[in-house]
Every structure is written in structure tokens, then in C-alpha cells.
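Some notes on the structure that comes next.
The values are calculated or read from the model by the stated rules, or taken from the named source; none is laboratory data. Because the structure is predicted, anything quoted here is derived from the model rather than measured. Quick reminder, even Gly has a Cβ in these numbers, built from the backbone with ideal geometry, and neighbours come from all protein chains shown. Each accessible area value is taken on the protein alone, full model and side chains, heavy atoms only, with ligands, DNA and RNA left out. Shrake-Rupley method; radii C 1.70, N 1.55, O 1.52, S 1.80 Å.
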Amino acid sequence: MAVSDLTRPADPAPRRTPVQQARLFAGILAGEAAALASRLAGRGSGASIRGQILTRVDPLALAKLLPGRRIAMVSGTNGKTTTTHLLAAAVRQGLGPRADRLVTNADGANLHYGIASALSRAPRADLAVLETDERVVADVIRLGHPEVLVLLNFSRDQLDRHHEIKSLGTAWLRSLEAAGADGPVVVANATEPLIVWAARGAKEVVWVDTQNVWHADSVLCPVCGSTIVTETDASGRERWNCTGCDLAQPEASWRVVDGRIVDPDGISHDPRLQVPGAFNVSNAACALAAAAVMGVPVETALAGMRQVTSPAGRFATTTISGTTARLLLAKNPAGWAEALPIMATDTVVLAIDSVAADGKDVSWLWDVDFEQLAGKTVIASGPRAYDLAIRLKYAEVEHRVEADLGKALAGHPAPVDVIATYTPFQKLRKMGGLA
């Protein structure tokens, strides 16, 4: 595994012409003005609108802002934001007093304009840890020549937008092939067939066995279309392989074993994270492997990761309508499969919407194992509460409907867990004073 030196400075960015520089500067000023107006109007932090205005004034802003930095990217359907926070915390810990060298889009704005927004605010930061939407990965590889790319997982998400996840995997594969020797070291989840296939285009891959529990989106081989089967090997670990070609789970140098992370030297580490769930141990394993590639020692990286508590509001505890609530984000069946088992309260509020950020197609509700909520007090909320109520009825889960989020959370004497799709999650953050 190629290991870098965290103290090494980035290569200098190409010089811009005065016209190019002036247009970028104008875009940055316009974006900052829009962000200030957004904050004054109480509409949010302004990170998103800053980037939208910036890239509208200067469509080449991202191409100008990426060069001159050492870049680590994080992408995948689930866990991008938390993994980005973990990796950024690890790098920040490694930098020590020079932490100002690091920029990250910690608010989760991961499209072109969100990345440009974050970079525009830190012109002197030569290290960047960037959460990157699946559709943006190929462009950032081409424009930014990242040093590390973390590929977490692939599953159905926002069916109206990502209706065919193999097309995204193809874009990743081709962009890595095109980058060749100038491409990133890829830290890839070995338990995901589509990730393994897409990573074939990379110059070097660091494999991580994450003990993934979601396999419903990995039924058919992306190479030949044959069935993917999962079997238990001699060591008792599950491994997958294609029944029609040579695509199979690779040997991993980093592994998750019973809640611990085993490094390439065989040393087992207790992550002791402040974010809950086995899935976050898997996210931490990928972040730890990426940090090691960047040159951060394992124990230093873990010390930084243990400071991460509620990335962009995920897993945060707040008070809404007089009730203590812990907020969890789940956007698709794989995310719900991770969130439901860590419900710790007797009362659970489930909030669903279907605007663009959530995905307009809610048929995915029928792929979620809501049956495990039997015996809890369940409240269906959000604009699509009645769609959820139908699913809960067929799951034979007792529930009541209260579409209004404030009313759904009012009057609970004990703390409640709340799982929400993206749009109601953001509303809940605001209601709880977290955004």
C-alpha cells in the first residue's frame, strides 16, 4: 500500500490569467453576499446558495478551486457524511497545530456547487477531505486528481434520480481507467460487488472488509449478469462470488471483526466511537484506511475520530416540542436496515417525505423490515405519513399518524428516537436548533 507523508505540501495550482482570476473573485463575492442574505433571512447557513451563485457567475469555479490541493474524496450511497467527518477529524488530528491546512465540506453539500462553496472559503488550505455525491465523482477525479478516493457502497437511492446504479458504477470505472497512473489510491469496500467491479479501474486499491449486512442490491453480477452468491469460508467469514465469471470478493488488508478494526499488520483496534451502530464502525474502518494512505498513524487517526459526535446533525440529541429526541437520517432501504436496529426508545417517530432531495418514488418503503418495530409505540409523520402507515399496517405494527412533525413530537415524557428521510431530517434539525 502506497503511504504518503501528511506534511508534504500540495503541488502548486496552475497560474490563472487575470480574466480567470477576476471572474472567480466576482463569483466568490456574489456567493458570499447570497450566503449572508440567507443567514439573515433565517433560511440556513448559506453554504448551498453560496456555491450555486458562485458557479453561476463562474461556471469554471470548481475546476479553478480544486487544483493546488491534496484531495481525499468520500463517496457511496450511505455513510458519506459521517465517513467524511471521521476522515477529516483523523487528518486534522495528524496536522496538529497546522489544522488550518485542511478544508472539508462538513455540512454535507456534496454536489459541484457545494464542493466549490467549501473550497472558496479556504483558498490557502492545501488539504481537502471532500464528501462527493455519486454523480460528481468522475468530475472531481478529472478536475482535481485526488490522492485518495473512498468508495463505501452502492444501493438503490432516490429511484427517480439514481434509477440505475450500474450506470454510476460504470462512470466510476471509466474515470479511474482514464486517470491511470495519475488517479487516486482507492479505499474500497470489499463486501460490495458493484464497488469491487468499479474499483477495477484504479491504479491501486486498498480493500476493507466491512462486514456489510445489506445484500439486496448485490444479487446480479455487474460483469456478466449471473447470480452473486454468499458463502462462509473456512475462517467463518462470509464471502461473495459470481457464479458465472471470476468476479469475487477480494482479500482485504483492513477488516472489521466483532466491532473492532484490524489493520494490515493484524493489530486489532477498539474504535470507541461516539457515533452509534455497527455500520459506523465500518465507516470508521474505511476512514482509517484512507487516513493511513494520507500518512496519519492509526492511533492518531482514531484519537481524532473519537471526537466526532453528531456529524451534520446525525445522531444528535435535541429538544423539539418539549420532547428529548435523538435524530437519525435514513434515505433508502439500506440506510433503514442500519438505523432500525439501534432504536433504543420505546416510542419511535418515523418521518417521510418525497420531494427531490428524498426521492419522489416511495416504493422503497416495501423493502424495509418495519416488522422489527412490533411492540414499540410508532408514530408515522411527515408529508408521506399515510404511505408509511399503509406499509406499517401490512407489517402488523401498531401505529398512529400525525403528519405534522411538531405535533408528532409533542407530549412525550420520555426521550424518543426519530428516523427521517432527508427533507424532514433537515426540518427537525432547524426545529431543534441544530442548523
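With only Lys, Arg, Asp and Glu charged, each at its Cβ (+1 for the first two, -1 for the last two), find how big the charge dipole of region 16-58 is about the Cα centre; round to the nearest 20 debye. Can you show the working numbers first?
Details: 6 positive and 2 negative charges, 11 e Å.
With only Lys, Arg, Asp and Glu charged at Cβ, the dipole is about 60 debye.
Just subtract the alpha-carbon distance of Glu204 and Gln274 from 0.36 nm times their residue separation and send over the number in nm, one decimal.
Gain on stretching Glu204 to Gln274: 22.1 nm.
With +1 on each Lys and Arg Cβ and -1 on each Asp and Glu Cβ, and nothing else charged, work out how big the dipole of region 315-432 is about its Cα centre, in Debye to the nearest 20.
Details: 12 positive and 14 negative charges, 89 e Å.
Using only the charged Cβ atoms, the result is roughly 420 debye.
By how many nm would the segment from Arg8 to Arg39 grow when fully extended, if each residue of separation counts as 0.36 nm and the alpha-carbon distance is taken off? Provide the component values of the computation, followed by the final result.
Numbers: separation 31, 0.36 × 31 = 11.16 nm, distance 3.68 nm.
Between Arg8 and Arg39, full extension yields an extra 7.5 nm.
What does DSSP give for region 59-311 in terms of the percent of beta bridges that are antiparallel, rounded to the nearest 5? Present the calculation step by step, with values, prior to reporting the outcome.
On the way: 12 of 35 bridges.
That works out to approximately 35 percent antiparallel.
So, for the chain, what is the accessible surface per residue at a probe of 1.4 Å, expressed in square angstrom? Walk me through the numbers before you get to the answer.
Values: 18230 Å² over 435 residues.
Using a 1.4 Å probe on heavy atoms only, each residue of the chain averages 42 Å².
For Gln21 and Glu396, what is the calculated FRET efficiency with R₀ set at 56 Å and r taken between the beta-carbons, to the nearest 0.05?
Details: r = 64 Å, r/R0 = 1.14.
Step by step, r from the Cβ atoms, then E = 0.30.
Suppose every Lys and Arg Cβ carries +1 and every Asp and Glu Cβ carries -1, with no other charges. What dipole size does the chain come out with about its Cα centre, to the nearest 20 debye? Walk me through the numbers before you get to the answer.
Numbers: 44 positive and 45 negative charges, 381 e Å.
With only Lys, Arg, Asp and Glu charged at Cβ, the dipole is about 1820 debye.
Counting only DSSP beta bridges with both residues in the chain, what percent are antiparallel, rounded to the nearest 5? Could the numbers behind the result be given before it?
Working: 16 of 56 bridges.
Counting DSSP beta bridges with both partners in the chain, the antiparallel share is about 30 percent.
Sorted by average packing, counted as other Cβ atoms within 10 angstrom per residue and highest first, what order do 35-48, 131-144, 227-240, 103-116 take?
Numbers: 35-48: 14.9, 131-144: 21.5, 227-240: 11.8, 103-116: 23.1.
Highest to lowest by the protection proxy: 103-116, 131-144, 35-48, 227-240.
For the pair Thr377 and Leu220, how long in nm is the line joining their label points, each one 7 Å along Cα→Cβ?
In this crude spin-label approximation the distance works out to 4.6 nm.
First select every other residue whose beta carbon is under 15 angstrom from the beta carbon of Ala35; then total the charges, Lys and Arg +1, Asp and Glu -1.
The answer is +3.
Tell me what the chain gives for mean residue ellipticity at 222 nm when only DSSP H runs of n ≥ 4 count, each as -39,500 (n - 2.57), the sum divided by the residue total, rounded to 500 deg cm²/dmol.
On the way: 14 runs with 149 residues, N = 435.
Computed ellipticity for the chain at 222 nm equals -10500 deg cm²/dmol.
What percent does the relative contact order of region 77-207 come to when contacts are Cα pairs within less than 8 Å and at least six residues apart? Provide the component values of the computation, followed by the final result.
Values: 193 pairs, mean separation 28.3, N = 131.
Contact order relative to length: 22 percent.
Which lysines have a Cα lying under 30 Å from the Cα of Lys407, excluding residues fewer than 8 positions away in the same chain?
Lys331, Lys360, Lys376, Lys393, Lys427, Lys430
Report the relative contact order of the chain, percent, no decimals, based on alpha-carbon pairs under 8 angstrom and at least 6 residues apart. Before the final figure, lay out the partial values.
On the way: 933 pairs, mean separation 61.5, N = 435.
Here the relative contact order equals 14 percent.
Between region 377-422 and region 1-80, what's the alpha-carbon centroid distance in Å?
39 Å
Using r as the Cβ-Cβ distance of Ala30 and Asp361, and R0 as 22 Å, what FRET efficiency do you calculate, to the nearest 0.05? Don't skip to the answer; put the middle values down first.
On the way: r = 35 Å, r/R0 = 1.61.
Efficiency for this residue pair is about 0.05.
Of all the accessible heavy-atom surface of region 315-432, with the other protein chains kept in place and a 1.4 Å probe, what percent is carbon and sulfur?
Details: 2450 of 4880 Å².
For region 315-432, the apolar C and S fraction of the accessible surface comes to 50 percent.
For Glu251 and Thr324 in the same chain, what is the full-extension length gain: residue separation times 0.36 nm, less their Cα-Cα distance, in nm?
Contour length minus the Cα-Cα distance gives 21.9 nm.
Binning at 10 angstrom from zero up to the longest distance, how are the C-alpha pair distances of region 16-58 distributed in percent?
Each 10 Å bin holds this share of Cα pairs: 36, 42, 18, 4.
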